[in-house]
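First comes the structure, then the notes that go with it.
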Amino acid sequence: MDWMTKLWPLRTIGPTIPSMFLDKRLEDDNAYGFNIFKPNTDACMKWLNGRPKESVVYVSFGSVAVLEVEQMQELAWGLRMSNNSFLWVVRALEETKLPENFIDETSEKGLVVHWCPQLEVLAHEAVGCFLTHCGWNSTLEALSLGVPMVGCRNGQTKARMQSVLWIFGRWD
């Protein structure tokens with residue numbers, strides 16, 4: 001936002017989530033209008049449409065977080081062994097950290113994509129849980145759309161603070 005305020009007199013107010021995902025007052029307000037990476041929207045939404053309500057674990061660590069090879073592999077094995085359906089955003093540069101043949105071997109239960117339309121995914125009825133790095137946008141989006149979150153270790157401090165503040169209303 002800081003760089004944009006140098007160009008235009010802007011101020012953000014509350015969650016900047018498009019209206020169509022919240023109160024639906026503005027019909028043409030259905031996207032942020034930009035993406036850092038190109039989302040694989042069709043594949044994600046088609047895959048989610050074939051899943052039962054609240055059956056999918058959505059996993060995304062945002063556009064910046066970098067996991068170690070061991071973390072990626074442990075997460076991959078955990079998702080596989082959970083026997084739950086999952087949609088996992090793994091940026092192209094991180095894909096080599098996955099266990100060999102993981103994507104092929106889990107294709108019945110899981111979908112791994114380089115990027116996805118997160119708001120649309122979180123708003124989809126098939127998503128029952130969001131494993132997140134607890135970044136600001138991800139947290140606001142999940143809270144606004146009522147999706148339960150599991151904060152990952154990389155976001156441990158933020159996850160603790162958010163769970164305490166938003167569940168209990170205070171930090172003690």
Inset, instruction - Please indicate, with yes or no, whether at least one residue in region 40-54 is over 25 Å from Leu140 (Cα atoms), touching a strand residue (DSSP E or B) at 6+ places or on another chain (Cβ under 8 Å) and modelled with pLDDT of 70 or more. - result: no
Legend entry - Odd one out for Val90, checked against (1) surrounded by fewer than 18 Cβ atoms within 10 Å (Cβ to Cβ); (2) among the β-branched types (Val, Ile, Thr); (3) in contact (Cβ under 8 Å) with a residue 24 or more places away in the chain: (1)
Inset, instruction - Could you please tell me which pairs satisfy a Cβ distance under 8 Å, a separation of 6+ or placement on different chains, a first residue in region 40-62 that is among the acidic types (Asp, Glu), and a second residue that is outside any strand (DSSP E or B) and surrounded by 15 or more Cβ atoms within 10 Å (Cβ to Cβ)? - result: Glu54/Ala126
Legend entry - Pairs with Cβ under 9 Å, 6+ apart, first in region 135-155 and in a helix (DSSP H, G or I), second charged (D, E, K, R) and at pLDDT below 85: Trp136/Lys158; Thr139/Lys158
Inset, instruction - Report whether or not Glu108 is in a loop (DSSP other than H, G, I, E, B), without any contact (Cβ under 8 Å) to a residue 12 or more places away in the chain and not hydroxyl-bearing (Ser, Thr, Tyr). - result: yes
Legend entry - Within region 37-74, tally of residues that are touching a Pro at 6+ places or on another chain (Cβ under 9 Å), aliphatic (A, V, I, L, M) and surrounded by fewer than 18 Cβ atoms within 10 Å (Cβ to Cβ): 1
Inset, instruction - Go through (1) within 17 Å of Ile17 (Cβ to Cβ); (2) among the hydrophobic types (A, V, I, L, M, F, W, C); (3) modelled with pLDDT under 90 one by one and return the number of the condition Ala123 breaks. - result: (3)
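The values are calculated or read from the model by the stated rules, or taken from the named source; none is laboratory data. The shown structure was predicted, so the numbers you read here are calculated from the model rather than taken from an experiment. Positions of Cβ are backbone-derived with ideal geometry, glycine not excepted, and every protein chain shown enters the neighbour counts.
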